[in-house]
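Peer 1: Okay, handing you the structure first.
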Amino acid sequence: MIQRRVVITGMGIWSCLGQTLDQVRDSLYQGTSGIVLDPERKAMGFRSGLTGNVPKPELKGELPRSQRVYMPEPAQYAYCATRDALRAAGIDQDYLDSHEVGLLYGNDSTAEAVYHSIAKIVEKKDTMLCGSGAIFQSMNSTVTMNLGVIFRLKGINLTVSGACASGSHAIGLGALLIQNGLQEMVVCGGAQEVNMAATGSFDGISAFSMRESDPTAASRPFDRDRDGLVPGGGAATVILESYESARRRGAPILAEVLGYGFSSNGDHISSPNVDGPARSLEMAIRRSGVSLQEIGYVNAHATSTHVGDANEAKALFRVLGEKTIPVTSTKSQTGHEMWMAGASEVVYSILMMKNGFIAPNINFENPDEDSCHLWIPATRLERKFDTFLSNSFGFGGTNSTLIIRNA
C-alpha cells in the first residue's frame, strides 16, 4: 500500500512565550524567557518557586458554563490552542460536522482537579459535594473528552499518555493513521497544567533548578552549571491532514511530517540512557528518507538536568556526528513544558523555519564534556533551514523523534 503524505495545515499555542503565533515567534527571535519566581510556591513549602508564567484563559462568554464546568486547566489551554489552529487551517464547524476528523492529544496528569475533589470529600464527608464536573475534570483523558465534545469531532478520540514525550507521540501516531488511510485529518497536540499540584512531587525529588535569584537564567540546557529543570506548561495544537485533503480544501500547507521514530529504554524509570534515544533518532531518520546533510536544525529534548542532557548529547553525537547541525533546546526560554513539550517544540521549530532563524540556547555559557561535541548556538542564528528534527523523551524511558520538512 502506498503511504500517503502527511502535512500540517494549522497551528495554535498557549505558552509562556505568548498566546498567539506572532507573539511566540517574536519571543523566540528575541531570546525572551517566560520563567518567573512564584511566591505562592515558596509559601507552600516548595524548595524551588520557579515556573513558566502562563496566563489562565478567560473563556466566560466564549463557552457556556455547561461546557466550562468539565474543563480543568489543561483542557482550557488545549481549547484555546485548538480553536486557533482550526481557524488557521481554514476549518469551520460545518467542515467538522461533515467529516470524520480525529483527535490525539498528549496529557499525563490532571493533578489539581483530583486534589480538589478528594479534598472536598475529606473536608465535607460527602461525595456529592464534589460537583457534577469533578469526574470529567479528574480523568487523564479530560482534554480529548472536552475537545471532542466542544468541536463535535467524529474520528479517533484518544489521549496519549507518554510522560514528557506525550505531545510528540500524539503527532507521530496521528501521522501514522493518515499515512495508512485510517484518517484524513487529525487534531494533534499536548497540554500541561501549570498549577502547584502538578509539580509538587517533582520539587520533592529535587528535580527543579534552585537558581531563584535570577529566574530567566535558571533553565540552562547543556550548560556545565545547570542544576535542574524549570516547570512550565500550556498547550499546543497542530492540524495534520493528508496532502490530498489539504489540496482539495485549498488549505495553507505549512510543513510535512516526514519521519516518526520511537523507542523504549527498557531501563531505569527516571534516569535516561543513551541507546534508547539513539534508536529513536535512527528510526526517525530511516523512516523519513532524508540524509543527515538535509537536517538543518535539531530541537533537543534537553531539560537542563545533568544526566538527561548528558545522555541526549551523547546520543546526538553518536547519530549525527561532531558539530554538524545547530542544536538548541527551546526549554532554555520556556522551561520544561512536560506533556505539552513535544507538540509546542514542533510549533516553535516551524515558526523558526518559516522565518529564517534559530532561537538561541540562552544561558549556554560553558559546555561540558558531552555538550562540547555539539554545535549549540548561545545567540540567535539568522539561518534558513528546510528540515528539522525534534526530540522528546519521558519518564519510564519513552522516546519520540519527529522529522519535519518545510512546505
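Bear in mind that the values in this text are calculations on the coordinates, not laboratory data. Nothing here was measured: the structure is a model prediction, and the numbers come from that model. Every residue, glycine among them, receives a Cβ derived from its backbone with ideal geometry; neighbour counts consider all protein chains shown.
Peer 1: In terms of modelled amide H atoms, which long-range or inter-chain residues lie less than 5 Å from the amide H of Thr398?
Peer 2: Asn265
Peer 1: First obtain the Kirkwood hydrodynamic radius of the stretch 114-167 from its Cα pairs, then insert it into the Stokes-Einstein equation at 37 °C and 0.692 mPa s, and state the resulting D in µm² per second as a whole number.
Peer 2: Once the numbers are plugged in, D ends up at 254 µm²/s.
Peer 1: Taking amide H positions as placed 1.01 Å from N in the peptide plane, with prolines and chain starts having none, which residues 5 or more places from Gly10, or on another chain, fall under 5 Å of its amide H?
Peer 2: When sequence neighbours closer than 5 places are left aside, the close amide H contacts are Ile239.
Peer 1: Taking the chain as a Gaussian network, Cα atoms linked when under 10 Å apart, which of Arg286, Arg220, Arg25 shows the biggest mean-square fluctuation?
Peer 2: Maximum among the listed residues: Arg286.
Peer 1: Quick one: order Thr159, Thr32 by neighbouring beta-carbon count within 10 Å, fewest to most.
Peer 2: In increasing order of surrounding Cβ atoms, one gets Thr32, Thr159.
Peer 1: Let me have the 222 nm mean residue ellipticity of the chain computed from DSSP H runs of 4+ only, each contributing -39500 (n - 2.57), with the sum over all residues rounded to the nearest 500.
Peer 2: -10500 deg cm²/dmol
Peer 1: So what J values fall out for the stretch 328-339 if you push phi through Karplus, 6.51 cos²θ - 1.76 cosθ + 1.60 with θ = phi - 60°, rounded to Hz, Gly and Pro as x?
Peer 2: 9, 10, 5, 5, 4, 9, 9, x, 8, 7, 6, 4
Peer 1: Shifting gears a bit: Can you tell me the alpha carbon radius of gyration of the chain divided by the globular rule-of-thumb value 2.2 N^0.38 Å?
Peer 2: Taking N as the residue count of the chain, the ratio is 0.93.
Peer 1: Could you work out which residue, out of Asn53, Asn146, Asn366, moves most in a Gaussian network model of the chain, that is, has the largest mean-square fluctuation with Cα springs under 10 Å?
Peer 2: Judging by the Gaussian network model, the answer is Asn366.
Peer 1: Rounding to the nearest 20 debye, state how big the charge dipole of the chain is about its Cα centre with +1 on each Lys and Arg Cβ and -1 on each Asp and Glu Cβ.
Peer 2: 680
Peer 1: Something else: In sequence order, what are the phi-derived ³J(HN,Hα) couplings for the stretch 172-181 according to the Karplus relation 6.51 cos²θ - 1.76 cosθ + 1.60 with θ = phi - 60°, rounded to whole Hz, with x for glycine and proline?
Peer 2: Couplings: x, 5, x, 4, 4, 4, 6, 4, 9, x Hz.
Peer 1: Can you run phi through the Karplus equation (6.51, -1.76, 1.60; θ = phi - 60°) for the stretch 44-56 and list ³J(HN,Hα) in whole Hz, with x for Gly and Pro?
Peer 2: Computed from phi, the couplings for the stretch 44-56 are 8, x, 5, 5, 10, x, 7, 6, x, 8, 10, x, 7 Hz.
Peer 1: Amide H to amide H under 5 Å from His301: which residues, 5+ apart in sequence or cross-chain, H placed 1.01 Å off N in plane?
Peer 2: Here Asn391 satisfy the definition.
Peer 1: For the chain, modelled as a GNM with alpha-carbon contacts under 10 angstrom, which of Ser291, Ser117, Ser371 fluctuates the most?
Peer 2: In the Gaussian network model the winner is Ser291.
Peer 1: Oh, and also: For the chain, what is the number of Lys pairs with C-alpha distance below 27 angstrom, counting only pairs 8 or more positions apart or on separate chains?
Peer 2: For the chain, the number of qualifying lysine pairs is 16.
Peer 1: Rounded, prolate or oblate, given the Cα gyration tensor of the stretch 265-407, with a/c below 1.5 counting as rounded?
Peer 2: It is rounded, given that a/c, with a ≥ b ≥ c, falls under 1.5.
Peer 1: Tell me the label-point distance for the pair Gln23, Lys56, using the 7 Å Cα-to-Cβ offset, in nm and rounded to one decimal.
Peer 2: 1.7
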